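Quick note: the coordinates plus some simple rules give every number you see, no bench work behind them. Please read these numbers as outputs of a predicted model, since none were measured by experiment. Reconstructed Cβ throughout: ideal geometry from the backbone, glycine too, with neighbour counts over all protein chains shown.
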Amino acid sequence: MDIADRSIPGVFYYLVVWFCFVYLFSPSSHQPFFIEWITALSVAITLTSVIRAVLIYLAKKNSENIHVSHWFLTAGMVLSSLSWGVMAAFSFLDTPLSPHRELILLATVGLCGGGSLSFCASRTFTTLFLMAMLLPTLVVEIFFVQEMHLEVVMIVVVYFMGLISATKHPCREYMSSLVSYLKLEEVSNTDSLTGVKNRRFFDTQLDEEVRRAQRNQTALSVLLIDADHFKNINDQYGHPAGDRCLVFIAEHLRQSVSRISDTVARVGGEEFAIISPSISANECTKLAEKVRKNIAAKAVELDCGVITISVSIGCYSVTNVTTKTTAKQLFSKADEALYSAKRLGRNRVETSLN
C-alpha cells in the first residue's frame, strides 16, 4: 500500500512536465509533422498515465492478494515510465524533438532522481523504473544513430549506476524501520500472558472480516469461549494457577484452528474468541465441539497437582454477510449463545444462526 501511495504523484508529474514541454516547444518549432508528433506523444503519455492511475486503484482494491496487487503496480509503473523513456529516446533520433534533446534529457534526469527516491522502499521497483526511463535512450544511441554520442551513453550509464547505489541505504533503512514498526505493532496486538491476539486486535480484525465478507458475500462465524468456574480455580489454587489455565486454553485454541485466516484472541479475563471466515454454521459447531473436547480431555499440570478445566462456547454464524451485518451484532449474538451454554449447564456448545 505504501508503494501504491508513492506511485500516485508520478501519474501527474509526467503529465505536468510533458505539457510544459508542449507549451515551450510549440512556438519555436517549424519542423514538418511537429504537430502530429506532439499530438501522438501527448495521447500516448496521457493514456499511459490514465492506465497507471486505474492500475493503482486496482492494486489498492486487491491489496489482500499481494501478488495481484504487486503486478498491477509494476505494470502501471513500467508502462508509464516506458512511455516517457521512449519519448526521450526519440529526441536522439532525427525527429521534431531532436532540437530539444538537452531539455528533455534534463527533465528525464530530474524525474529519475525523484522516482528513485520515491521507490527506494523497493529495490525491484527502483531498478525497473530506471530501466524503463533510461534504457530506451541507450538502445537508440548504441543501435540506431549513425554516430553514437559516447558522452550521452556514459552519462546515462553512470547516472543509472549512481542512483542504484544511492538508493541502497535508504532501502535498507526503510526495511529496518518497517520491521521495527511491525514488531511493535505485533507486541501491541498480542496478549502478554497467553500469546494470542488481544481485544484491541480482535475488534479491528472483526471489523475487517465483516467488510471483506460483505464485499465477497461470504459466510462469517464468531466463537466465544469462556472458562467454566474460573473464579473457583483462582480462589482455590491462586492466580498463578489461573494464569496457567488461561495459557493452557490459549494453546489448545491455537492447535484447534488450522487455517491462517482464523483469528484467536483473548477478549476478556477468562474469555477467548475465534473469528472464522467462510465456514458454514455446521462447520462452526464442529470446530467449537473440537475445541471443547480437546480442552476437557486434558488436565493442566501444576506444582500442586493437576486441574481439569472445561469451557462453554457460544457460536454465531452468518451464512451471507450483507451491508446490514455489523461486527457489534456478530459479537452480541455469539455472546448470547455463550450465556445460553452457561445457563444450560456449562461445558457445552450453543449455536445461534442469523
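Using a simple charge model, +1 on the beta-carbon of Lys and Arg, -1 on the beta-carbon of Asp and Glu, nothing else, what dipole does the chain show about its Cα centre, in debye to the nearest 20? Please list the in-between numbers first.
On the way: 32 positive and 32 negative charges, 211 e Å.
It works out to roughly 1020 debye.
Charges at C-beta only: +1 for Lys and Arg, -1 for Asp and Glu. How large is the resulting dipole of region 203-313 about its Cα centre, in Debye rounded to 20? Kindly include the intermediate steps, with their values, before the conclusion.
Values: 13 positive and 16 negative charges, 92 e Å.
Dipole about the Cα centre, nearest 20: 440 debye.
Among 71, 18, 84, 37, what is the fewest-to-most ranking by other Cβ atoms within 10 Å?
Details: 71 15, 18 22, 84 28, 37 18.
So the ranking, lowest neighbour count to highest, is 71, 37, 18, 84.
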Whole-Å semi-axes of the ellipsoid equivalent to region 270-311 (Cα gyration tensor, √5λ, descending): 27, 11, 6
Residue order, fewest to most beta carbons within 10 Å, for 165, 221, 276: 165, 276, 221
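Let me know the volume per residue of the alpha-carbon convex hull for the chain, in Å³.
Details: hull volume 57.5 nm³, N = 354.
Output value, Cα hull per residue: 162 Å³.
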Rg in Å to one decimal, and Dmax rounded to a whole Å, for region 2-180 via C-alpha atoms: 17.1, 59
Which listed pairs, of 197/324; 183/293; 290/328; 60/286, have C-alpha distances above 32 Å, in listed order: 183/293; 60/286
In Hz, Karplus ³J(HN,Hα) per residue of region 272-277 (6.51, -1.76, 1.60; θ = phi - 60°; x = Gly, Pro): 10, 9, 10, 9, 10, x
FRET efficiency for residue 289 and residue 336, using Cβ-Cβ distance with R0 set to 22 Å, rounded to 0.05: 0.70
Radius of gyration, Dmax [region 250-298; alpha carbons; angstrom]: 10.7, 30
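Please compute the contact order of region 136-230 in relative form: average sequence separation of alpha-carbon pairs under 8 Å and at least six residues apart, divided by the residue count, as a percent.
Details: 20 pairs, mean separation 9.2, N = 95.
Averaging sequence separation for qualifying contacts and normalising by length gives 10 percent for region 136-230.
Between residue 2 and residue 169, what FRET efficiency follows from the Cβ-Cβ distance if R0 is 22 Å, with the result rounded to 0.05?
Working: r = 18 Å, r/R0 = 0.82.
The pair residue 2/residue 169 has a calculated efficiency of 0.75.
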Among 219, 241, 192 the positive-end extreme of the charge dipole of region 189-243 (Cβ point charges): 219
Principal axis dimensions, region 216-341 - Cα atoms, whole angstrom, descending: 51, 24, 20
Cβ-based exposure ranking for 331, 72, 272, in which fewest neighbours within 10 Å come first: 331, 72, 272
Derived scalar couplings ³J(HN,Hα) [region 44-55; Karplus, 6.51 cos²θ - 1.76 cosθ + 1.60; whole Hz; x for Gly, Pro]: 5, 5, 5, 5, 5, 5, 5, 4, 5, 4, 5, 5
Candidates 180, 258, 122: whichever shows maximal mean-square fluctuation once the chain is modelled as a Gaussian network with Cα springs under 10 Å: 258
Separation in nanometres of the label points that stand 7 Å from Cα toward Cβ, at residue 208 and residue 23: 4.4 nm
Backbone HN-Hα couplings from phi across region 61-68 [Karplus 6.51/-1.76/1.60, Hz, Gly and Pro as x]: 5, 9, 4, 5, 9, 4, 5, 5
